[in-house]
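Shown next, in structure tokens, is the structure this report addresses.
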Amino acid sequence: MRTLLLIIFLLPGLNTQVFAQNSVAASIRPLQLIAAAITEEVSQPQLVMDGSQDPHHPSLRPSQRRAMNQADIFIWIGPQLETGMEAIIGELDALVITVINLDGLTVYPLNASVDPHVWLDSNNAGIIADALAANLIELDRENEARYLQNLARFRSDLKSLENELGKTVDPDSFPAFAVYHNGYQYFEKQLGLFHLTSFTDNEEVQPGIRRVMEIKSLLNASDVNCIVVDPAVNSGNLQNQLERDNLRFISVDVLAHDIPLSGDGYFQFMQKLVANFASCRE
């Protein structure tokens, strides 16, 4: 009986240790969704910044700092998105994957820097998954076969996704549209779409009334009726400024806060993204 009790007492600690060996923490939801596809049936990746956090100005709670400190792998975009996190990351014992520095990644310029929204290109998602799987295998040889199987399935699903996106959006017949924040270019360029104009290239800088009036004239001259906006944008106020009743505002959350965590979460996110853009045709 004493031996049996000892084994039962030790088991929770052993399970915790096994999970910790495979633990991944992601700075933002899209990276967590990609990680979930690779770690499926092995472990569940943790999210550091939830919907209440602005990646550009992170103010981490103690629980979020613990998620970073307890992870064996921490994956983030880079200082172009998660501004000010370099000091925290420099103190981690975890293996750090800085996505923006990955070889082969497609990157586009924005505001004399690099546009950090790289996950909006499914090809980049594949490169992120490759890097994560390779590092997980280095740390956890026991689950190598599972990681490779998950990666192969993710890569296969990416090909299906790309075919689906191409069939859903025909760039030759897609109506002209505008964006509030110029943060969708990875998605647009992959599909051959081009927005007519943007209110701002920096989501932290609100457009002044002069800029809004310039865009108002441009939209009227071009007969644009669809504007893609961030969830935080007050569409009603913007519509009043533009003085157009027939404008359609399409809300797109590039941080995927409304997507449940699952092995196919990234694909749900991209499918919703293309469906939202496609509604510009209605």
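The values are calculated or read from the model by the stated rules, or taken from the named source; none is laboratory data. Nothing here was measured: the structure is a model prediction, and the numbers come from that model. Cβ: placed from backbone, ideal geometry, glycine included. Neighbour counts: every protein chain shown.
Key figures
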| item | result |
| --- | --- |
| Matching residues in region 174-184 - criterion: being at pLDDT below 95 and buried (at least 17 other Cβ atoms within 10 Å of the Cβ) | F174, H181, N182, G183 |
| Qualifying residue in region 262-271 (condition: more than 27 Å from Q149 (Cβ to Cβ) and small (G, A, S)) | no |
| P171 vs. criteria in contact (Cβ under 8 Å) with a residue 40 or more places away in the chain and exposed (fewer than 15 other Cβ atoms within 10 Å of the Cβ) | no |
| Top-ranked residue in region 217-252 [being small (G, A, S) and over 27 Å from the mean Cα position of the chain (by Cα); ranked as farthest from P175 (Cα to Cα)] | S217 |
| Unique residue being buried (at least 19 other Cβ atoms within 10 Å of the Cβ) and among the hydrophobic types (A, V, I, L, M, F, W, C) when the list is I100, I137, I73 | I73 |
| Every pair of residues 6+ apart whose Cβ atoms lie under 7 Å, when the first sits in region 258-279 and is not assigned by TED's automatic domain parsing to the domain that holds H117 while the second is loosely packed, with under 15 Cβ neighbours inside 10 Å and of a type in the set (V, I, T) | V274/T168; A278/T168 |
| Index of the failed condition, S52 passing every other in (1) under 18 Å from the mean Cα position of the chain (by Cα); (2) at pLDDT 95 or above; (3) surrounded by fewer than 14 Cβ atoms within 10 Å (Cβ to Cβ) | (2) |
| Qualifying residue in region 24-38 (condition: at positive phi, modelled with pLDDT of 95 or more and either surrounded by fewer than 19 Cβ atoms within 10 Å (Cβ to Cβ) or in a loop (DSSP other than H, G, I, E, B) (or both)) | no |
| Subset of region 53-104 that is free of Cβ contacts under 8 Å to residues at least 24 places away in the same chain and touching a Phe, Trp or Tyr at 6+ places or on another chain (Cβ under 8 Å) - its residue that is farthest from S122 (Cα to Cα) | I89 |
| Tally of residues being farther than 17 Å from I73 by Cα and of a type in the set (A, V, I, L, M, F, W, C) across region 137-147 | 1 |
| Qualifying residue in region 163-174 (condition: in a helix (DSSP H, G or I), under 19 Å from the mean Cα position of the chain (by Cα) and farther than 22 Å from P109 by Cβ) | yes |
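Residue-by-condition table, conditions (1) at pLDDT below 95; (2) touching a strand residue (DSSP E or B) at 6+ places or on another chain (Cβ under 9 Å); (3) more than 22 Å from Q271 (Cα to Cα):
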position: N101; (1), (2), (3): no, no, yes
position: Y108; (1), (2), (3): no, yes, yes
position: N124; (1), (2), (3): no, no, no
position: I128; (1), (2), (3): no, yes, no
position: A145; (1), (2), (3): no, no, yes
position: N150; (1), (2), (3): no, no, no
position: R153; (1), (2), (3): no, no, no
position: E164; (1), (2), (3): yes, no, no
